[in-house]
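> Sharing a structure with you now.
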Amino acid sequence: MEDDLKKEVEKKVPNAGGFMIPGTSLLNKTGSWRTFKPIVTDKCTGCGICATYCPENAIEIKEVDGKRRAVIDYDYCKGCLICMNVCPFKAIKKVIE
């Protein structure tokens, strides 16, 4: 999928002035920018509020060990901690990377 997306971007945006081909966050994993890393704890109820507010769409609600929980894709999470701040159950903690 990433190769198809990259080819489509290359068709629409010519390489001008030596700049790299732009891409979406699907092409550019941005998780390495993180200073803080949000960690989902056992308090998570899977309500989905964190996923709704995540600006990078890096959180999904999935079934984990028979419970609905937030699962963070750290390839794209930039560590803004909005998820931690909006969680009504205080189920997301931060660690410094």
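Only the coordinates and a few stated rules stand behind these numbers; no lab work does. It should be emphasised that the depicted structure is a prediction, and the values quoted were computed from it without experimental measurement.
> With θ taken as phi - 60° and the coefficients 6.51, -1.76 and 1.60, list the Karplus ³J(HN,Hα) couplings across the stretch 85-90 in order, rounded to whole Hz; mark glycine and proline as x.
Result, rounded to whole Hz: 6, 8, 5, x, 9, 6.
> Subtracting the Cα-Cα distance from 0.36 nm times the residue separation, let me have the gained length for ASN57 to THR30 in nm, one decimal.
Full extension of this stretch gives 8.5 nm more.
> Further question on the same structure: In whole Hz, what ³J(HN,Hα) sequence does the stretch 63-68 give by Karplus (6.51, -1.76, 1.60; θ = phi - 60°), x for Gly and Pro?
Result, rounded to whole Hz: 7, 10, 6, x, 10, 6.
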